[in-house]
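S.K.: Structure incoming, see below.
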Amino acid sequence: MKTAILISVLCLTAGCYSYNPLTTPSPEPGAYVAVTLNDAGSDQLGRYLGPSIFVVRGRYLGPSTEGLLVSVSSVETKRGIGYPWEGETVTLPTDAIASLDVRRLAKGRSLLLAGVGAGGLVATTLAFSLLGGGTQLGPGGGRPPKQ
């Protein structure tokens with residue numbers, strides 16, 4: 001029963017996210033962002049982020065006089081290779097940014113995930129009779145007595 005509860009909680013807390021173009025002048029501090037760099041920005045920030053970095057993902061901390069402050073969680077090269085980071089703070093100059101996307105909960109996919117998880121839980125429960133649908137042993141059942 002504990003396993004069933006754990007699976008239910010994981011299905012409810014897990015969600016599907018997608019990155020969407022920013023619809024406000026600037027993201028709220030603490031929002032997860034994906035910053036796509038232009039070619040000049042990739043070259044300019046190469047010594048800080050690594051060579052050929054194209055996308056910087058992390059938590060937006062706020063504006064600074066030089067650009068945007070981001071606590072970096074990962075970077076991605078132009079070839080699509082991702083590298084994890086440990087939350088180091090990096091300033092991304094505004095002239096180095098080609099686009100800025102904000103991570104949002106994809107409600108449709110999250111509901112589908114929760115539905116599939118709940119359906120799987122129900123199917124597993126019914127298949128293995130975890131609700132106590134077993135039968136009791138009749139007379140003569142069990143172990144034979146020791147001699």
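S.K.: How much length is gained on full extension from Thr94 to Ser26, taking 0.36 nm per residue of separation minus their Cα-Cα distance?
M.R.: Stretched fully, the Thr94-Ser26 segment lengthens by 23.3 nm.
S.K.: Name the residues whose placed amide hydrogens come within less than 5 Å of the amide hydrogen of Ser64, ignoring near sequence neighbours (fewer than 5 apart) on the same chain.
M.R.: Leu69
S.K.: Then there is this: Under 5 Å between amide H atoms, partner at least 5 residues away or on a different chain: which partners does Ala31 have, H built in plane at 1.01 Å?
M.R.: Tyr60
S.K.: Report the extension gain between Arg79 and Thr36 in nm, rounded to one decimal, defined as 0.36 nm multiplied by the number of residues separating them, less their alpha carbon distance. Spell out each step's value before the answer.
M.R.: On the way: separation 43, 0.36 × 43 = 15.48 nm, distance 1.35 nm.
This chain segment gains 14.1 nm when fully extended.
Taken together, the values in this text are just the output of simple stated rules run on the coordinates, not laboratory data. Bear in mind that the values here come from a model prediction, so they are computed numbers and not experimental data.
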